[in-house]
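Values in this text are rule-based calculations from the coordinates and carry no lab data. Computed from a prediction, not measured in an experiment: that's the story for all the values here. No Cβ is skipped: glycine too gets one built from the backbone with ideal geometry, and neighbour counts run over all protein chains shown.
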Amino acid sequence: MGRTALYRDPVPFRPARAEVHLEPDVLVLRMPDGRQRRHPLDGTTSFACDGFVAARIDARWERRFVRMLVLESPRERVFVITPPDHGAVAPNVVRVPEAPPEAAIVDVNAWDALADWVLGGGRLSACAIADLARIAAIASPQFAVVIGEVAAQRALELVWAARGPLRGGSDIETAVQPLSHAARESPRAAEALVSALAHAAGATRRRRHR
């Protein structure tokens, strides 16, 4: 599919965002008005596409471009969209679907991480450390701890495969650097980093005493 033609804004349009709290099998969306929506992921099918939302800007209606993640199940149909900040959809382009009014607007980085998680099947075992760092930033506190443990195991495998099991902590810290970078911006990624370093330290001690 070609790129959707947009009219850029002279002044950015920034509606309120929802927060994503991802659990292994549940998506929790905390809406701007304080409501919390829980959506089970088991049994869902998902896809992503271009779309638009209708918004009233300066007394006129515009079709605002968004990326849509759609989660479908026999129970419900959930729409998670990127912010409609990038401009209006040009009127003479190919038709794109409209996001419903109840669609949750989330930051682009959160949308990308969530889309990668659900479209990739929701498996930590398939994730590199950089992927785990992005997912940790949207994870619930409990899931962030699990992600940290998985990141630690990935890091240990890399370090031990490269140089053997007996080494200082600096190699582990280098291996989990994507998580360290994410931790500077995200408290949940910081929780995953603490979990990763603690798990790696414990695993290294046990291996040395075998």
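Pop a pseudo-label 7 angstrom from the Cα along the beta-carbon direction at both GLN142 and ALA54 and give the gap in nm to one decimal.
For the pair GLN142/ALA54, the computed spacing is 4.1 nm.
Starting at the first residue of the range 37-43, write each ³J(HN,Hα) from the Karplus equation 6.51 cos²θ - 1.76 cosθ + 1.60 with θ = phi - 60°, in whole Hz, x for Gly and Pro.
Rounded to whole hertz, the list is 10, 10, 10, x, 9, 4, x.
Considering only DSSP states other than H, G, I, E and B, which GluC sites (Glu not before Pro) in the range 57-116 qualify as loop sites with at most 10 other Cβ atoms within 10 Å?
In loop regions of the range 57-116 (DSSP not H, G, I, E or B), the sparsely surrounded GluC sites (Glu not before Pro) are GLU102.
What residues of the range 133-150 lie in the reach of a label at ASP107, counting those whose backbone N is under 18 Å from a point 7 Å from the Cα along Cα→Cβ?
In the range 133-150, the label zone of ASP107 (backbone N under 18 Å from the point 7 Å along Cα→Cβ) covers 133-141, 144.
Given the Cα-Cα distance of ASP25 and ALA126 and 0.36 nm per residue of separation, how much length would full extension add, in nm?
34.8 nm
If you bin the C-alpha pair distances of the range 87-155 every 10 Å from 0, what whole percents do you get?
17, 40, 22, 15, 6, 0
Label the range 6-119 by shape, choosing from rounded, prolate and oblate, from the square roots a ≥ b ≥ c of the eigenvalues of the Cα gyration tensor; if a/c is under 1.5 it is rounded, and otherwise prolate applies when a/b is larger than b/c, oblate when it is not.
The shape class here is prolate.
Please arrange ILE129, ILE138 by counting, for each residue, the other beta carbons lying within 10 Å of its beta carbon, fewest first.
The order, fewest Cβ neighbours first, is ILE129, ILE138.
Per 0.36 nm of contour for each residue apart, how much would the distance between ARG75 and ASP116 grow if the chain were fully extended, relative to their Cα-Cα spacing?
The ARG75-ASP116 span can extend by a further 12.5 nm.
Using alpha carbons only, how many angstrom separate the centre of the range 137-151 from the centre of the range 37-56?
Cα centroid of the range 137-151 versus Cα centroid of the range 37-56: 23 Å apart.
Place a label point 7 angstrom from the Cα of ALA16 along the Cα-to-Cβ direction, then list the residues of the range 30-59 whose backbone nitrogen is under 14 Å away.
30-37
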